[in-house]
Amino acid sequence: MAFVYLAVRCLYTFLISTTFGYTSSSDTEIKVNPPQDFEIVDPGYLGYLYLQWQPPLSLDNFKGCTVEYELKYRNIGSETWTTIITKNLHYKDGFDLNKGIEAKIHTLLPWQCTNGSEVQSSWAEATYWISPQGIPETKVRDMDCVYYNWQYLLCSWKPGIGVLLDTNYNLFYWYEGLDHALQCVDYIKVDGQNIGCRFPYLESSDYKDFYICVNGSSDTKPIRSSYFTFQLQNIVKPLPPVCLTCTQESLYEIKLKWSIPLGPIPARCFVYEIEIREDDTTLVTTTVENETYTLKITNETQQLCFVVRSKVNIYCSDDGIWSEWSDKQCWEVEELLKKTLLLFLLPFGFILILVIFVTGLLLCKRDSYPKMNFSVIDEDFPYQETWY
């Protein structure tokens, strides 16, 4: 039995050697070369880079095989690699251009094309970085971008430390769908310096990486560029809720209600936070997903005020910015209780008045009947008795 197994294995090795043209040694080793011309290409998209390569040499012996490539890449300094297995000769992804990029790739031959085990080539490596200009302190500080009401993007920043008044900054942006990077056309200025940008309408820009570069120029010193990447739906700041109302559900229960903020954000995308002040004591509730909230009160409550704010929820974004608080609405709870008591007492009062009125009518009718006089005269008695 062992002899038969050995013979079959030798025949399998011979067929593989004949078919794919590799030389057999005592270890029956198959080798494959790494990909050629591996490089990282910057198309000018402010951080969206191309990684591309060519097939390895000497693949003629593996024409019947599906060759794959294992690609690893990261920003220099990162602890983890991103790993991709692909059959293509290129790959695209976004990077932080404030740091360098390193990548490596090797060829994979599946076990069907070898002696039963996967064969890997050595690694081909590539790096990329933008040559920095100027010292780090000259780049913009406190970059802040807000997508107001999912409609208008506004970014602002502070000038770098130690830069002179002749320094000016320029903003460029790109996202997938644009042919090339665009420059801001509506800058926010203070004392002649650009300190922000109002963006135009951004068509089909949601749920995509949004790349920004802010560079600068000065007659006295070079200015360091800064790169930023985010997704617009994660920096949305909606408007506050409107039309706050209060409904008395029962004697000690109040229903707070409001309307969704104005704008294009669907109702299903909101989450709310309510801040309630009861007799000068502030109670912040947990967040709620609906436009209503039922509140329990006691007969000792004298005043009730509440405000509401909104944010895009986890079903429509990974993050968000709370809106401003709505206008405050207050009610004198004592008056509400009086109104409630009046609501309950009014029917009973009406019934009581009705009973009194009907009783009076009946008494008046009885008094209007004619009186009957009956007199009896008896000669044997010296008095007269009268019945009515």
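The values are calculated or read from the model by the stated rules, or taken from the named source; none is laboratory data. Please read all numbers here as calculations on a predicted model, not as lab measurements. Cβ sites come from the backbone with ideal geometry, for glycine too, and all protein chains shown count toward neighbours. Please note that ligands, DNA and RNA were not included when accessible areas were found on the heavy atoms of the full protein model with its side chains. Shrake-Rupley method; radii C 1.70, N 1.55, O 1.52, S 1.80 Å.
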| query | If you look at just the Cα atoms of segment 61-148, how large are its Rg and its Dmax in Å? | reply | 19.1, 60
| said: Taking 0.36 nm per residue of sequence separation and subtracting the Cα-Cα distance, how much length would be gained by fully extending the chain between Leu361 and Ser250, in nm to one decimal? | reply: 36.2 nm
| request: Keeping all protein chains in position, work out how much accessible area Trp157 exposes to a 1.4 Å probe, and write it in Å² to the nearest 10. | output: 10 Å²
| remark: Measuring from its Cα centre, segment 44-166 shows a charge dipole (+1 at each Lys and Arg Cβ, -1 at each Asp and Glu Cβ) which, in debye to the nearest 20, is 120 debye
| remark: When every protein chain stays in place and a 1.4 Å probe is rolled, Lys87, Lys158 sorted by accessible area with the largest first are Lys87, Lys158
| Ranked by accessible surface with a 1.4 Å probe, highest first, in what order do Lys189, Lys72 come? | Lys189, Lys72
| query | Rg to Rh ratio, segment 184-231, alpha-carbon atoms and Kirkwood radius? | reply | 1.04
| field | Intensity falloff of segment 87-138 expressed as log10 I(q)/I(0), Debye formula with alpha-carbon point scatterers, at q = 0.24, 0.25, 0.29, 0.30 Å⁻¹ | value | -1.01, -1.04, -1.17, -1.19
| message | I'd like the accessible area for Asp219: 1.4 Å probe, protein heavy atoms, all chains in place, Å² to the nearest 10. | response | 150 Å²
| remark: Computed from the beta carbon distance with a Förster radius of 56 Å, FRET efficiency for Gln302 and Asp96 to the nearest 0.05 stands at 0.50
| query | What spacing in nm lies between the two simple spin-label points modelled at Leu182 and Glu137, each 7 Å away from Cα in the Cβ direction? | reply | 3.7 nm
| remark: Summing +1 per Lys or Arg and -1 per Asp or Glu among the other residues with Cβ less than 12 Å from Tyr48's Cβ gives -3
| task | For each pair in Lys255/Lys311; Lys189/Lys328; Lys99/Lys158; Lys257/Lys328; Lys237/Lys328, compute the distance between the two Cα atoms and list the pairs where it is over 23 Å. | result | Lys189/Lys328
| message | Using protein chains only and a probe of 1.4 angstrom, how many square angstrom of Ser58 are accessible, to the nearest 10? | response | 80 Å²
| said: On a 1.4 Å probe surface of the protein chains, which of Glu176, Glu68 comes out largest in accessible area, and what is the full order? | reply: Glu176, Glu68
| task | Using all C-alpha to C-alpha distances in segment 196-289, build P(r) with 10 Å bins and read off the rounded percent in each one. | result | 10, 28, 23, 18, 13, 6, 2, 0
| In nanometres, what is the gap between the two model label sites at Asn33 and Asp319, each 7 Å from Cα along Cα-to-Cβ? | 4.6 nm
| query | Using modelled amide H (1.01 Å from N, peptide plane; none on Pro or chain starts), what sits under 5 Å from the amide H of Lys221, excluding residues fewer than 5 places away? | reply | none
